[in-house]
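Bear in mind these aren't lab numbers, they're just calculated from the coordinates by the rules spelled out. Fair warning: this is a prediction, and the values are worked out from it, not measured in the lab. Backbone-built Cβ (ideal geometry, glycine too); neighbour counts: all protein chains shown.
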Amino acid sequence: MTDRRRINGPPGGTLAPVYSKYITKDASKQIERPSRSRAPNVLRKMFLKTGVTPSASGSAYLELEASRSTNTNTPGLASLSTSGLKLTCTVHGPRPLPKSAPFSPHIILSTHVKYAPFATRKRRGYLRDSSERDLGVHLETALRGVIIGDRWPKSGVEVIITILEGEEDQWWGDDRGRGQATAGEWGMMSVLSGCITVASAAIADAGIDCVDVVSGGVAAVVREQGKPAALVLDPVPSEHQEILAAAIVAYLPARDEITDLWVKGDIGNQVVQTSSYEELADNAVQAALGSHRVLVAALKETADMKLGRS
């Protein structure tokens, strides 16, 4: 049903115009694929801040460093060569359930993940699609094992995440070919990892009791042209020519537990001789430990600010 009170954008993908002065036949000036300059076990720089929405019980903002093309002399739009991640999370509750709701001895958790219409190169709709619902289900699974729900009987809490800028599934220059890369939707893995981390920070900012702070981590098996497959932490789909498999975990470091595990892709014994799904999950845990350090530092900074004001 069409919303007549809103001016909807075009249903298809929208691309920023590229003017003729940026189109050149000189190979040295053409925009190149961004390459991974980090070591395989190094994560991107992360910015995390809590208390960004005063009207909510708890809130947090997370941003990951954007990847850039190696050709620094290339003129043109920055959006053609960058791929970052920006998430904002608000937590509302715990608050009493309606009187019509049945009695629940524990807290009722509901999660909502939504891309902003401008978050990706292909414009998103105003209603949630299947990928956004999948992200919400995985996020709820990851948080359900963290919150101590018995302390809030007949109460509910809502975790709402808005993706301001999402990871692309591949480099924008490969849109016209290589259907194998487009079918993976690898950007969802990094997005879910960030959603888990930012939601954990917002829940802690709301003062909801948890057994531990949960953090997300992602690892992938990538293969470049002319090189063997390798395991990398915190992959950026636009930096790699092909991603064979990826795994994302929600990890509790203090309890050494995994509350959510999602694996996509097929490694295959004939392709990768030294990697397995168990090793892939172990590397994802190492990535989650790196995110956990940033998460603890941000929460400690927020606690120091609150104690200093009182």
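Tabulated data for the structure shown
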quantity: Estimated vicinal HN-Hα couplings, Hz - segment 190-195 in sequence order (Karplus 6.51, -1.76, 1.60; Gly, Pro = x); calculated: 5, 5, 5, 4, x, 4
quantity: Estimated distance in nm for a label pair at D256 and E278, the labels positioned 7 Å out from Cα along Cα-to-Cβ; calculated: 1.6
quantity: Computed lengthening from A303 to T162, 0.36 nm per intervening residue step minus Cα-Cα distance; calculated: 48.3 nm
quantity: Percent of C-alpha pairs per 5 Å bin, segment 205-256, short to long; calculated: 4, 17, 22, 15, 11, 10, 10, 7, 3, 1, 0
quantity: Across K49/K227; K45/K122; K122/K154; K45/K154; K227/K264; K45/K306, pairs whose alpha-carbon gap is larger than 29 Å; calculated: K49/K227; K122/K154; K45/K154
quantity: Gain in span if fully extended, I148 to R95, counting 0.36 nm per residue against the direct Cα distance; calculated: 17.6 nm
quantity: Extension gain (nm, one decimal) between E65 and V137, 0.36 nm per residue minus Cα-Cα; calculated: 23.3 nm
